[in-house]
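Novice: The structure that follows is given in the form of C-alpha cells.
The values are calculated or read from the model by the stated rules, or taken from the named source; none is laboratory data. On a predicted model such as this, the values are computed, not experimentally measured, just so you know. Positions of Cβ are generated from backbone atoms using ideal geometry, with glycine treated the same way; all protein chains shown enter the neighbour counts. Just so you know, the surface numbers come from the protein's heavy atoms only, side chains and all, with ligands and any DNA or RNA stripped out. Shrake-Rupley method; radii C 1.70, N 1.55, O 1.52, S 1.80 Å.
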Amino acid sequence: MRLVLQRVTRAAVSWESERNEIGPGLAILVGVGPADDEATATRLAEKVAQLRLFEDGEGKTNMSVLDVGGEALVVSQFTLYADLSRGRRPGFTGAAAPDLAERLYRHFNAALAARGITVKTGSFGSEMDVELVNHGPFTLLIDTDNLSR
C-alpha cells in the first residue's frame, strides 16, 4: 500500500452532490497494490494512528493524531501506483484490481476508526474534488515496500 499523509488544518472531499470534511487532522490518500492484504492495511492504520506528526506545547512533533484529537479524511487514490517509465502517459496496471482495492481501503478506514480516530471518506471509484490546507506544510509518503515488518 502507498499512503500520502498531509497534516491539515482542514480538508474536504466532494463528489456528485455529496461532501465530507474534517477540521485539524490528516488528509490521507490511499493506493492499494495487488500484493496487499488486510494485515498490511491494519498495520498501516496502526502506524498512522501512532505517528508523531503534531506539535506539542514546546513546538516539537511529539503528538499523534490520537493525542491531539484530530480527524482523518481518507480518499482512495489508485494513481499512487502510476508507472511513469515509458512515454508521457502514466500506466496504472501496478494498482490492485478495484474489488481488492476497495476492500482494503474500507479495511484501512475501519482499522483507523477502531483506534479512536474520526474517519471521513470520499466515494471509492468516483471522480472527486479534494481540498485541503496543508499545515506546515507537512507531507509524508508511506510505501509498505519500504517499511520493515
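Novice: Name the long-range amide H neighbours of Leu26: under 5 Å, sequence gap of 5 or more, or other chain; modelled H, no Pro or chain starts.
Specialist: Val8, Glu71, Ala72, Leu73
Novice: Using the C-alpha atoms of region 9-149, what convex hull volume per residue, in cubic angstrom, is computed?
Specialist: Numbers: hull volume 17.9 nm³, N = 141.
In region 9-149, the Cα hull volume divided by residue count equals 127 Å³.
Novice: Taking 0.36 nm per residue of sequence separation and subtracting the Cα-Cα distance, how much length would be gained by fully extending the chain between Thr9 and Glu102, in nm to one decimal? Walk me through the numbers on the way to the answer.
Specialist: Values: separation 93, 0.36 × 93 = 33.48 nm, distance 2.71 nm.
Length gained, Thr9 through Glu102: 30.8 nm.
Novice: What FRET efficiency comes out for the pair Val130/Ala39, r = Cβ-Cβ distance, R0 = 25 Å, nearest 0.05?
Specialist: According to the calculation, E is roughly 0.35.
Novice: Add -39500 (n - 2.57) for each DSSP H run of 4 or more in the chain, then divide by its residues: what number comes out at 222 nm, to the nearest 500 deg cm²/dmol? Present the calculation step by step, with values, prior to reporting the outcome.
Specialist: Values: 2 runs with 30 residues, N = 149.
When only DSSP H runs of four or more count, the value is -6500 deg cm²/dmol.
Novice: For Thr118 and Lys60, what is the calculated FRET efficiency with R₀ set at 25 Å and r taken between the beta-carbons, to the nearest 0.05? Write out the running numbers ahead of the final one.
Specialist: Details: r = 25 Å, r/R0 = 0.99.
The formula returns an efficiency of 0.50 here.
Novice: Follow-up. So which residue, out of Arg115, Arg86, Arg43, gets the largest mean-square fluctuation from a GNM of the chain using Cα contacts under 10 Å as springs?
Specialist: It is Arg86.
Novice: Counting only protein heavy atoms and using a 1.4 Å probe, what share of the accessible area of the chain belongs to carbon plus sulfur, as a whole percent?
Specialist: 48 percent
Novice: Please turn the phi angles of region 103-114 into ³J(HN,Hα) values with the Karplus equation 6.51 cos²θ - 1.76 cosθ + 1.60 (θ = phi - 60°), one per residue in order, whole Hz, x for glycine and proline.
Specialist: Values per residue, Gly and Pro as x: 4, 6, 4, 5, 5, 4, 4, 5, 5, 5, 4, 5 Hz.
Novice: For Thr93 paired with Asp67, estimate the spin-label separation in nm (one decimal), with each label point 7 Å from Cα along the Cα-to-Cβ line.
Specialist: About 4.5 nm, to one decimal.
Novice: Using θ = phi - 60° and the Karplus form 6.51 cos²θ - 1.76 cosθ + 1.60, what ³J(HN,Hα) does each residue of region 23-31 get, whole Hz, x for Gly and Pro?
Specialist: In residue order, the calculated couplings are x, x, x, 10, 9, 10, 9, 10, x Hz.
Novice: Then there's this: Using θ = phi - 60° and the Karplus curve 6.51 cos²θ - 1.76 cosθ + 1.60, what whole-Hz ³J(HN,Hα) does each residue of region 125-133 get, with Gly and Pro shown as x?
Specialist: Once rounded to whole Hz, the list reads x, 8, 7, 10, 10, 10, 10, 7, 10.
Novice: At 1.4 Å probe radius, can you tell me the per residue accessible area of region 78-126 in Å²? Spell out each step's value before the answer.
Specialist: Values: 3060 Å² over 49 residues.
Averaged over the residues of region 78-126, the accessible area is 62 Å².
Novice: Tell me the angle of helix 38-50 to the major Cα principal axis of the chain, expressed in degrees between 0 and 90 and rounded to the nearest ten.
Specialist: 30 degrees
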